[in-house]
Structure formats: C-alpha cells, structure tokens
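Readers should treat all values here as calculations from the given coordinates under stated rules, not as data from a laboratory. Because the structure is predicted, anything quoted here is derived from the model rather than measured. Positions of Cβ are generated from backbone atoms using ideal geometry, with glycine treated the same way; all protein chains shown enter the neighbour counts.
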Amino acid sequence: MTSLLLTASLVLAQGPSRNVTNAQVETRAATQSVEREVAALAARKDDRWVGYRIAVTGSRRSMDCYERSRIALEPAREVLVLARLEAGLVVRLRTATPDCEIDAGGLPVVWLDGVKPDDSVAWLTSLVNAIPAADERFGRVVRPAVVAIAMHEGAAATRSLVTIARDHSAPRMRSDALFWLGQRAGTEAAATIAEAIDRDPETEVKRRAVFALSQLPKDEGVPKLIEVARNSRNAVVRKQAMFSLGQSNDPRALRFFEEILLK
C-alpha cells in the first residue's frame, strides 16, 4: 500500500495536482480528441474520474478553492477539468485550481496530458448539447460545462458561448451563457448580448442579458445600456438597464438621467 501511494504521489506531482488524495492515478498522453478519450474510458462501464488541465482566460483568474483556509494571492493560470464516469456516462463535472485539495474517494483517476484548449471546448460543448434539461445529470454536468467553457482562452470558447446563448432550448442555459459572455470583451460577445435583449422570448433571459451588458467594459456596455433604457418595450428590461446605469457611475449615464428628468 505504501508503495502504491508513493507511486501515485510521484505521478500526481507531474500530472493533475500535488493535492489529489485517495486515488490510484493513471497518466496518459491525449493522442486523440477528448471526446474519443472519454468515450474509450466510458466503454469500461466502471466508476472512475478523468481529468486534464487547461489555461484559464485572464478574466477568470480569481478562483479560490472552497472550504479551505489557504488563499492564493496570485490568481491561478490553469484549471483542472474533472469528469466522473459511471456506467458508461458522464454523471458529474467539476473544475478546480491545481492547488485545491482533491479527494477522489478511492476511485481510479485517468489523467490526460496535452489536451488542447479548442478540443476541450468541443467536448464540453457536446455535453451541453447532448443532455436535455429533463435529464437528472443536467445540473451536475451541463451547467458546470458552461462554466468550464467560459474559463477557456480563445475564440472557440467565445463561439461556443454565443451558440449556447442563441440556440439552447433551456432558458437558464441561454442566461448562463450570456452571463459568461459579459465577462469576455469583444464585438461578438456584445452583439450576442444585445441580440438576446431584442429577440429572446423569455423576459428573464432578457434581464440577465442586460446584466451581462453591465459586465462589459464601460465603453462597450454603457452606450448599449442607454439604448436599451431608452428604447426597449419591455418594462422589466428598461428597469434593469436603468438600475445597471445607476450602478455604473459613468458620466454618460448621469447625462442620460438628466435628460430623462428634464423631460
């Protein structure tokens, strides 16, 4: 047993994290897509975890581990993506920074080295698209998958969030994607958020989209918030836009309020 634990510790020091415990770890190079790697492991039909690490986008480098006293003052630059397999299915998805203490509960852990960020996004997106809202795995897999996508650097992650925000059948997923788009500056993110305010059939999604506008850099978000507050036909949306403008402390918002009051 001592030999096994020592071997696992050595592997973990090079692979997922120095802080993974209670696990027998197998490390392998990712020689094919993440989807195929996971499918091959799922075909074993046993219970295990599979994980890999990716670089974290700059806007998401403020994560801390829950239920621990040590807090890193410098933000993490990588995140671990961990999926639990059971009876051939992904039944849970977790993310953690490499310095988090992770207890695998005695299950085997397969660690994939060399996963490419765009490939990771493609696999996570496939989970979002494959599991319906009525499935009991939805909250444990799909919603965490969107969070994991949002942590990725690069255009592939932005495109995935845009597609989810526009097309996903579940309003809560469109809302989640819009929220995370609000953390990513850029023309495509801002345009998708504005489109949701105009076209999404659900008022709650529209409201979340207005909040997402408030998270954009002010030069992108404030003019659009003023436009929404001035022109939206939805009272809830106008109210949210006015509230967000009031929180912005932006001179353009103050001028807009003066204009409204003078009328």
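With a ≥ b ≥ c taken as the square roots of the eigenvalues of the C-alpha gyration tensor of segment 223-263, please select rounded if a/c is under 1.5 and otherwise prolate if a/b is larger than b/c or oblate if it is not? Oblate is the answer for segment 223-263, as a/c is 1.5 or above yet b/c matches or exceeds a/b.
Restricted to Cα atoms, segment 154-263 shows a radius of gyration and a Dmax of 13.5, 46 angstrom.
Where a ≥ b ≥ c are the square roots of the eigenvalues of the C-alpha gyration tensor, would you call segment 86-184 rounded, which needs a/c under 1.5, or, failing that, prolate if a/b is larger than b/c, or oblate? It is oblate, given that a/c is not under 1.5 and a/b is not larger than b/c.
For segment 154-263, what does the relative contact order come out to in percent, with C-alpha contacts under 8 Å and a separation of six or more? Over segment 154-263, the number comes to 19 percent. Using the rule -39500 (n - 2.57) for each DSSP H run of four or more residues, divided by the residues of the chain, the 222 nm mean residue ellipticity is -16000 deg cm²/dmol.
Give the shape of the chain as rounded, prolate or oblate, defined through the alpha-carbon gyration tensor: a ≥ b ≥ c are the square roots of its eigenvalues, a/c under 1.5 means rounded, and otherwise the shape is prolate if a/b is larger than b/c and oblate if not. It is prolate, given that a/c is not under 1.5 and a/b is the larger ratio. Each of Glu37, Glu101 has some number of other Cβ atoms within 10 Å of its Cβ, and from fewest to most they run Glu101, Glu37. In summary, the lysines within cross-link reach of Lys206, defined as a Cα separation below 28 angstrom excluding same-chain residues under 8 places away, comprise Lys218, Lys224, Lys239, Lys263.
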